[in-house]
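Heads up, the thing below is written out as structure tokens.
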Amino acid sequence: MSPPLLKLGAVLSTMAMISNWMSQTLPSLVGLNTTRLSTPDTLQVPSQEVMPEFLCKDLKLINLMTQISPKEGWQVYSSAQDPDGRCICTVVAPEQNLCSRDAKSRQLRQLLEKVQNMSQSIEVLNLRTQRDFQYVLKMETQMKGLKVKFRQIEDDRKTLMTKHFQELKEKMDELLPLIPVLEQYKTDAKLITQFKEEIRNLSAVLTGIQEEIGAYDYEELHQRVLSLETRLRDCMKKLTCGKLMKITGPITVKTSGTRFGAWMTDPLASEKNNRVWYMDSYTNNKIVREYKSIADFVSGAESRTYNLPFKWAGTNHVVYNGSLYFNKYQSNIIIKYSFDTGRVLAQRSLEYAGFHNVYPYTWGGFSDIDLMADEIGLWAVYATNQNAGNIVISQLNQDTLEVMKSWSTGYPKRSAGESFMICGTLYVTNSHLTGAKVYYSYSTKTSTYEYTDIPFHNQYFHISMLDYNARDRALYAWNNGHQVLFNVTLFHIIKTEDDT
């Protein structure tokens, strides 16, 4: 129990004891008896002390209806409460001549003085009690408020714990695919250790040759060095490819142009060559703008402008090994245009391929034929009537544009938002709008497909171009008039000779 409540209880107990004492002791001290008093001889005198309401109630409970002779002394007759809450006590006064002679009158006056002092003390206690009572009410309100807040905190804590648990679960789910990869890395580490050991052995042999010329067959040693170098290069080539596991970003490079367009760099260009090509809109345009670097592209400093001989269709062009590959407007013809010579080097019709919004991506825009490049080479993604409008993947000869091999998938071209190739695997998104994710993949190495769930942030809500650049290990995208980049995470698996 709090201190204010203890005080309140103590005051009430004290006042009850005082009322009981007054009702029992006062008559005996003044010598009053219970003789019946006639009505005309009684005198009703209002008490001069305004007593607390709770003490007045105690006097009412005593209900003194004493009947006495006025000659025998003072006697409390009754008590009541006025409309203002004050206590009114009715008493019977003795005859005046008796009060002046009676010795008990002095005791009565002393007693009345004590009662008056006690009344004043009770009034003080009443004021304190009222103050403490208000404090208790205020504390009660605060306690109720705190209780509500604690309940809210408890509910929020449960919600936060559930949220944190879900986040941890999602992180664990993301880490699960790492387990087989880590196991493979153990094998890769052994392979690299083997390479290091062979290099040490060859170094020791070369050192011995320097000390003693002719001790070993130089040609045999040279072949061993070339073989090791070839194996190391093959190993590095395998490291460049991997399975798509995650897409992060985007990074907004620039905001320019219409809602639809394409921008790209050459994946086969040298590290010093960072030219950017920019093609705004998906039709009725022939102007290609060139920038020497990303910085120039951002600042708008053009280095050159090309006027193509034909209008292009769609936004799915690609620059590969110094040439631009694009779909000629209102046809299924693919054009190879050289930036160095400014001439068309080759053109070829993509047999049976739909065009002019027959089999576009979900956003339309004459995106029937999608040209792309990856670590393996040049590709065309499209749909045909013969494959019921489902996606067909064709690997192209970069010089003649001849189809070298094709794969027919079961994924409808019109249900795809965009697509791109990484290491011979086609990845297809399920939409070009908010909530898009990589939903389907098809491997040309194994001729098998699988459904995936790789989300990415479609920041500007409408993607009309999405292409992979093998050199930058990034996805170039045109997102509603914004040129953005997505980073990709690939898992690399090195196969040893025992795995083949």
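If you scan the stretch 301-319, which residues turn out to be in contact (Cβ under 8 Å) with a residue 40 or more places away in the chain and either closer than 17 Å to Tyr278 by Cβ or not small (Gly, Ala, Ser) (or both)?
Within the stretch 301-319, Gly314, Thr315, Asn316, His317, Val318, Val319 qualify.
Every residue, every condition in (1) modelled with pLDDT under 70; (2) closer than 30 Å to His462 by Cβ; (3) not assigned by the TED database to the domain that holds Ile463, yes or no:
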| position | (1), (2), (3) |
| --- | --- |
| Ile213 | yes, no, yes |
| Glu219 | yes, no, yes |
| Gln223 | no, no, yes |
| Leu232 | yes, no, yes |
| Cys235 | yes, no, yes |
| Ile251 | no, yes, no |
| Ser256 | no, yes, no |
| Asn273 | no, no, no |
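Please name all residue pairs, on different chains or six or more residues apart, with Cβ atoms under 7 Å, provided the first residue is in the stretch 320-335 and is on the phi < 0 side of the Ramachandran plot and the second residue is of a type in the set (Gly, Ala, Ser) and buried (at least 21 other Cβ atoms within 10 Å of the Cβ).
These pairs meet every condition: Tyr320/Ala373; Asn327/Ala313; Asn327/Gly314; Lys328/Ala313; Tyr329/Ala313; Asn332/Ala353; Ile334/Ala380.
If you check Asp370, Asp374, Asp399, which single one turns out to be within 28 Å of Arg473 (Cβ to Cβ), surrounded by fewer than 16 Cβ atoms within 10 Å (Cβ to Cβ) and assigned by the TED database to the domain that holds Thr315?
Result: Asp399 is the single residue among Asp370, Asp374, Asp399 that is within 28 Å of Arg473 (Cβ to Cβ), surrounded by fewer than 16 Cβ atoms within 10 Å (Cβ to Cβ) and assigned by the TED database to the domain that holds Thr315.
Can you find, within the stretch 251-283, the residue that is farthest from Ala474 (Cα to Cα) among those that are in contact (Cβ under 8 Å) with a residue 40 or more places away in the chain and among the polar types (S, T, N, Q)?
If we take residues in the stretch 251-283 being in contact (Cβ under 8 Å) with a residue 40 or more places away in the chain and among the polar types (S, T, N, Q), then Thr283 is farthest from Ala474 (Cα to Cα).
For Tyr442, indicate whether it is buried (at least 18 other Cβ atoms within 10 Å of the Cβ) and either in contact with a His (Cβ under 7 Å, 6 or more places away or on another chain) or aromatic (Phe, Trp, Tyr) (or both).
yes
Select from the stretch 301-317 the residues that are of a type in the set (A, V, I, L, M, F, W, C) and either surrounded by fewer than 24 Cβ atoms within 10 Å (Cβ to Cβ) or outside the structural domain of Val358 (by the TED database) (or both) and list them in ascending order.
Ala301, Leu308, Phe310
Do we find that Tyr352 is surrounded by 17 or more Cβ atoms within 10 Å (Cβ to Cβ) and either closer than 20 Å to Ser464 by Cβ or in contact (Cβ under 8 Å) with a residue 12 or more places away in the chain (or both) in this structure?
Considered against the rule, which asks whether it is surrounded by 17 or more Cβ atoms within 10 Å (Cβ to Cβ) and either closer than 20 Å to Ser464 by Cβ or in contact (Cβ under 8 Å) with a residue 12 or more places away in the chain (or both), Tyr352 comes out as no.
I'd like the full set of residues that are assigned to a strand (DSSP E or B), touching an Asp or Glu at 6+ places or on another chain (Cβ under 9 Å) and either surrounded by fewer than 19 Cβ atoms within 10 Å (Cβ to Cβ) or among the charged types (D, E, K, R) (or both), limited to the stretch 241-269.
Within the stretch 241-269, Met245, Lys246 qualify.
Would you be able to tell me the number of residues in the stretch 387-430 that are without any contact (Cβ under 8 Å) to a residue 40 or more places away in the chain, among the aliphatic types (A, V, I, L, M) and under 22 Å from His457 (Cβ atoms)?
Here the count works out to 1.
If I go through the stretch 275-299 residue by residue, how many of them are at pLDDT below 95 and at positive phi?
Residues that pass the stated criteria total 1.
Return yes when Phe420 is touching a Leu at 6+ places or on another chain (Cβ under 7 Å), of a type outside the set (D, E, K, R) and surrounded by fewer than 19 Cβ atoms within 10 Å (Cβ to Cβ) and no when it is not.
Spelling it out, it is not the case that Phe420 is touching a Leu at 6+ places or on another chain (Cβ under 7 Å), of a type outside the set (D, E, K, R) and surrounded by fewer than 19 Cβ atoms within 10 Å (Cβ to Cβ).
Give the stretch 272-300 a look and list any residue that's surrounded by 15 or more Cβ atoms within 10 Å (Cβ to Cβ) and in a strand (DSSP E or B), or say none.
Val276, Trp277, Tyr278, Met279, Asp280, Val288, Arg289, Glu290, Tyr291
Answer yes or no as to whether Asp453 is surrounded by fewer than 19 Cβ atoms within 10 Å (Cβ to Cβ) and either under 22 Å from Ile247 (Cα atoms) or in contact (Cβ under 8 Å) with a residue 40 or more places away in the chain (or both).
Yes.
Do you know which residues across the stretch 377-391 are open to solvent by 10 Å² or more (accessible area, probe 1.4 Å) and of a type in the set (A, V, I, L, M)?
Once the filter is applied, which keeps residues that are open to solvent by 10 Å² or more (accessible area, probe 1.4 Å) and of a type in the set (A, V, I, L, M), the stretch 377-391 yields only Ala388.
Out of curiosity, is Thr448 farther than 21 Å from Thr489 by Cα and without any contact (Cβ under 8 Å) to a residue 40 or more places away in the chain?
For Thr448, the condition - farther than 21 Å from Thr489 by Cα and without any contact (Cβ under 8 Å) to a residue 40 or more places away in the chain - is met.
Of (1) closer than 26 Å to Gly410 by Cα; (2) open to solvent by less than 60 Å² (accessible area, probe 1.4 Å); (3) assigned to a strand (DSSP E or B), Leu485 satisfies all except one. Which?
With (1) closer than 26 Å to Gly410 by Cα; (2) open to solvent by less than 60 Å² (accessible area, probe 1.4 Å); (3) assigned to a strand (DSSP E or B) applied to Leu485, the lone miss is (1).
Does Lys405 meet the test of being under 28 Å from Tyr337 (Cβ atoms) and surrounded by fewer than 16 Cβ atoms within 10 Å (Cβ to Cβ)?
So Lys405 fits the description; yes.
The values are calculated or read from the model by the stated rules, or taken from the named source; none is laboratory data. Being a predicted model, the structure only gives us computed values, none of them experimental. A quick note on method: Cβ atoms are made from the backbone with ideal geometry, for glycine too, and the neighbour counts reach across all protein chains shown. These accessible areas exclude ligands, DNA and RNA; they are computed on the full protein's heavy atoms, side chains included. Shrake-Rupley method; radii C 1.70, N 1.55, O 1.52, S 1.80 Å.
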